[in-house]
1. Please report how far the C-alpha centroid of the stretch 241-316 lies from that of the stretch 34-87, rounded to the nearest whole angstrom.
2. What does the charge add up to near Val29, with Lys and Arg as +1, Asp and Glu as -1, over the other residues with Cβ less than 9 Å from its Cβ?
3. List the residue ranges in the chain for DSSP H helices whose C-alpha atoms run 30 angstrom or more along the long axis and whose Kyte-Doolittle average is 0.0 or above.
4. Once the principal axes of the Cα atoms of the chain are found, what is the range along each, listed largest first in whole angstroms?
5. Using packing as a proxy for protection, rank 187-200, 293-306 so that the peptide with the highest average count of other Cβ atoms within 10 Å comes first.
6. So what is the relative contact order of the chain, in percent, for Cα pairs below 8 Å that sit 6 or more residues apart?
7. Compute, for the chain, the length of the dipole vector about the Cα centre, with Cβ point charges of +1 (Lys, Arg) and -1 (Asp, Glu) only. Units Debye, rounded to 20.
8. Among DSSP bridges having both ends in the stretch 30-180, what percentage is antiparallel? Round to the nearest 5.
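Any read-out appearing in this document is the output of simple, stated calculations on the displayed coordinates, not a laboratory observation. Here the structure is a predicted model, which means the values were calculated and not measured. Neighbour counts run over all protein chains shown; Cβ positions are idealised from the backbone, glycine included.
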Amino acid sequence: MRMTVFGTGYLGATHAACMAELGHEVLGVDVDEAKIERLRRGEVPFYEPGLPEILRKHVDSGRLKFTTDYAEAAEFADLHFIGVGTPQRKGEFAADTTYVEDVVARLSPLLTRDAVLVGKSTVPVGTAVRLQGIADWHVRSGVRAEVVWNPEFLREGFAVKDTLTPDRIVIGLPGGEQEQSLARELVDEAYAPILESDPCPVIVTDLATSELVKVSANAFLATKISFINAVSEVCEAAGADVTVLADAIGMDPRIGRRFLGAGLGFGGGCLPKDIRAFMARAGELGADEAMTFLREVDSINMRRRERMVDLTVEACGGTLIGKTVAVLGAAFKPNSDDVRDSPALNVAGMLSLKGAQTVVFDPQALDNARALFPTLGYAESALQACDGADVVLVATEWAEFVELDPAAVAEVARGRILLDGRNCMPGDTWREAGWTYRALGRGVPV
Ligand code: UGA
């Protein structure tokens with residue numbers, strides 16, 4: 001079948017390429033000419049493992065095309081996915097929904113026949129209903145554009161796998177309508193290849209529930225991370241080990257070990273802004289008290305970054321003046337080049353402000369990091385970053401850092417102190433090689 005995907009960022013480009021992989025004819029749409037030019041040449045403008053291969057394959061086969069022309073998109077298909085960004089508004093907690101609104105306002109008047117607009121972006125509850133109003137206002141008479149919601153749960157770094165083999169598909173329809181409609185028919189057809197090859201649960205619900213499923217999922221994940229990080233503060237104070245504790249509580253299937261990774265906490269373009277937008281929206285709806293705990297989730301998370309800086313100062317003997325710190329990692333997590341709200345870069349920036357000479361290395365995110373923080377020092381390899389360093393700080397758990405040879409690092413570094421911001425390094429191996437190993441949430445046993 002034919003479909004369009006509006007937005008060619010991490011979400012939209014992945015969705016477009018994966019839909020082509022499922023056998024559909026896809027037109028990716030964006031307002032950014034330069035980005036569309038690169039995509040037309042089969043180039044992915046960001047790092048996502050596995051995506052370049054399928055994107056190139058389907059650009060070459062002609063099944064995946066790109067345009068900036070909304071009229072061409074309106075003509076191309078009756079099913080239009082919307083995967084544009086909903087960033088945090090400047091100076092506020094609320095999400096900025098301008099980009100989704102713009103897509104609907106620009107596309108609707110160009111439609112010449114009934115169409116279905118499927119929102120995939122993470123939005124405050126109530127957005128779909130508002131977008132339906134915008135569509136109704138703009139469409140030509142006799143044409144119906146139905147807005148439905150189909151939230152996306154993909155993780156950066158696993159985006160292709162998560163899209164092609166999702167845990168669940170959630171479809172929000174107006175009034176939760178169960179009878180056959182054009183929207184249900186087209187969305188079912190789009191996902192039929194997934195359901196035939198590797199079935200997953202499909203939850204059909206109303207618009208508000210579908211919007212809330214997504215923000216609640218992210219808020220829960222953020223809460224789980226901040227819970228273990230709060231416990232890790234107590235572990236440090238009491239001389240306990242948060243990683244052993246997480247293993248032990250995670251064995252209870254009601255709790256589960258995943259997302260109990262204590263350390264520098266969450267960053268990226270989703271979790272931080274989504275919990276803030278959830279609080280803001282709950283407040284607008286008069287349910288602000290229900291979500292105030294998310295403020296604490298946010299502050300526990302931000303406190304981890306400060307604790308990392310304090311630990312570095314401590315390791316440097318009380319001052320960072322005249323000290324060199326190698327910061328390994330700039331991306332908000334491994335297998336990504338995304339530096340949006342990255343704990344690693346935030347810590348590097350704070351260390352630099354406190355007087356340290358900070359040298360950052362990341363296997364994929366260097367260009368993005370340099371663009372965001374041009375004044376920090378950068379290196380072209382992990383060993384180069386460690387050259388002359390008094391302290392080595394691991395801020396993103398890339399596999400190549402975990403596998404670093406302590407002896408090789410000792411040959412270039414000035415000091416022998418390893419600070420593990422992600423509880424990912426083999427601490428005993430480093431200790432045996434003569435290093436002082438310190439990690440967040442792991443106090444000195446008493
Ligand atoms: C997150 C959700 O996991 C996806 O389901 C969702 O679709 C996506 O947001 C989105 O809304 O688009 P993502 O931001 O790609 O995905 O990254 P995660 O894997 O969730 O990691 C988020 C942050 O939490 C990272 O900074 C990571 O280092 C941190 N984290 C994760 C921890 O600190 N500890 C953990 O145990 C797990």
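1. Cα centres, the stretch 241-316 to the stretch 34-87: 34 Å.
2. Values: positive: none; negative: Asp30, Asp69, Glu72.
For residues surrounding Val29, the net value is -3.
3. Working: long enough: 207-238 (47 Å, 0.88); 293-315 (33 Å, -0.52).
Membrane-span-like by this rule: 207-238.
4. Rounded to whole Å, the extents work out to 75, 48, 42 Å.
5. Working: 187-200: 14.1, 293-306: 17.4.
Ranking, from highest mean packing down: 293-306, 187-200.
6. Working: 916 pairs, mean separation 54.0, N = 446.
Once normalised by length, the contact order is 12 percent.
7. Working: 45 positive and 64 negative charges, 158 e Å.
So the magnitude is around 760 debye.
8. Values: 2 of 11 bridges.
The answer is about 20 percent antiparallel.
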